[in-house]
Each structure stands twice: as structure tokens, then as C-alpha cells.
Amino acid sequence: MLKKYLLLSVSILVLTSCYPLGTFQGPDVLPEGDETMGVGISYMTNIIALSDSSDGNESTFLADASLLFRRGFTNDTEIGIKFVGRPWVDGAILTDVKWLAIKGPYQVAVDFGVSYWANIDIQSYIGYHPAIIAGKGDLFGVVQVNYVRSRMGVLKTQDIYAGKHFKMKNSTYTFTPLVGLHRNSEDPGNIFYSLGFGFTGPLDDWAKP
């Protein structure tokens, strides 16, 4: 029971923390040399109550905050780095590369992320996070797979997101809400749902007083 509880706790943390990895920007990529900074917050809970608790009716809820930076490169490529919680104590560092594979009215991007998780149950985790991001205009959707491993074992989870950009009036900033569904391959019947909010803007504008 304890091992399953620990794996479930890590699973929820992985799912929530990967939430804005490469998705707050949609499939579009930044022009070469452009940089953005963003903050995000995500909430997640399970639809089906956990059955391994002492009373058999324990629900799970988790929230996290993140800080991310992104930069545009040549050949329709963009890279990003994200810090979740306190990475040096009990959080994570995630980095990803996003490539715009299909342009036009309907855009499709391929994203690949790598993560490092510190001090989860006194163990370190390494994660891999491939994703497909597709959209038109300000609407977009994401399909993502998370493969995280440590000495305790391998954790495999899947995500589906949908989001929309809202350009703020008289500002260079963008507000992006996201909703998602998630599941752990070890417990496919226990579906989680989530809600996230991202706020991004040009890096130089964040530094202005």
C-alpha cells in the first residue's frame, strides 16, 4: 500500500508540474532571438476517490506554481526552461525543445521535454516528456506522454490539454487558461482532471518598473 501511495503521489506531482512545460505557448514558436518569461499555477484532483486510504474515501488534490523562460531559435525552433516549486529542495527543473512542423491555418508542433525532480521521497527522478501541440489561431490542444524513472521504478502517465490565448488590451502580455485530463498507466481507471493558468510576456517587459 505504501509503495502504491508513494507512486500515486509522485504521479500527481509529475502530471501537475508538467502542465505548463511547453503548452502555455501553443504550437507557434517565437521569432529568432525573442525571449519571453511566464508564471503559471496548476490545480489537479482525481475524479475517482482513492481506495487505499484508511477510510476508503480519500480524494487527492494538488497545486503548484512555476516560473518559465523561453527563447526563439532558427528553423522554427523554440527552447524553454521551467522551475517548479523549490527545485533545490522538493521541486523540479524541466527543459524542452519545440519545433513547428506544420505551418498554415492549422499549426502542429512537436515538443520534447526532459525533467529532473529533487528529493521526492528522498529519491531523484529523471523524466522524458514528448508531446504534440496543434491549434488554429488562439485555440490549441496538446497530447503528452510522461515517462519518469528512479530507483523505485518507472512511472508512465498520459495527458490531454486544451487551452486558449487571450491577448491583454493595451499590453504585450498574454493570459492562457488550460484544462486537462490525465491518467497513470498503473491505475488507468483513476482519471485526474486539472485547471491551469499561465501569464506570459516579453522578457524585457518584465524587467520594467
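The values are calculated or read from the model by the stated rules, or taken from the named source; none is laboratory data. Note that the structure is predicted; figures quoted are calculated from it, not measured. Cβ: placed from backbone, ideal geometry, glycine included. Neighbour counts: every protein chain shown.
From the list 191, 160, the one residue that fits, being in contact (Cβ under 8 Å) with a residue 12 or more places away in the chain and within 13 Å of the chain's Cα centre (by Cα), is 160. Filtered by the rule that a residue be surrounded by 13 or more Cβ atoms within 10 Å (Cβ to Cβ), more than 12 Å from the chain's Cα centre (by Cα) and in a strand (DSSP E or B), segment 137-156 gives 140, 141, 147, 148, 149, 150, 155, 156. With respect to the stated conditions, residue 120 is in contact with a helix residue (DSSP H, G or I) (Cβ under 9 Å, 6 or more places away or on another chain) and either among the aliphatic types (A, V, I, L, M) or at pLDDT 85 or above (or both). Looking at the structure I just gave you, is residue 176 part of a loop (DSSP other than H, G, I, E, B) and either modelled with pLDDT of 85 or more or under 18 Å from the mean Cα position of the chain (by Cα) (or both)? Answer is no for this residue.
Which of the residues that make up segment 175-209 are of a type in the set (Ser, Thr, Tyr) and either closer than 25 Å to residue 124 by Cβ or touching a Lys or Arg at 6+ places or on another chain (Cβ under 6 Å) (or both)?
Going through segment 175-209, the residues of a type in the set (Ser, Thr, Tyr) turn out to be 176, 185, 193-194, 200.
Of everything in segment 175-209, those that are of a type in the set (Ser, Thr, Tyr) and either closer than 25 Å to residue 124 by Cβ or touching a Lys or Arg at 6+ places or on another chain (Cβ under 6 Å) (or both) turn out to be 185, 194.
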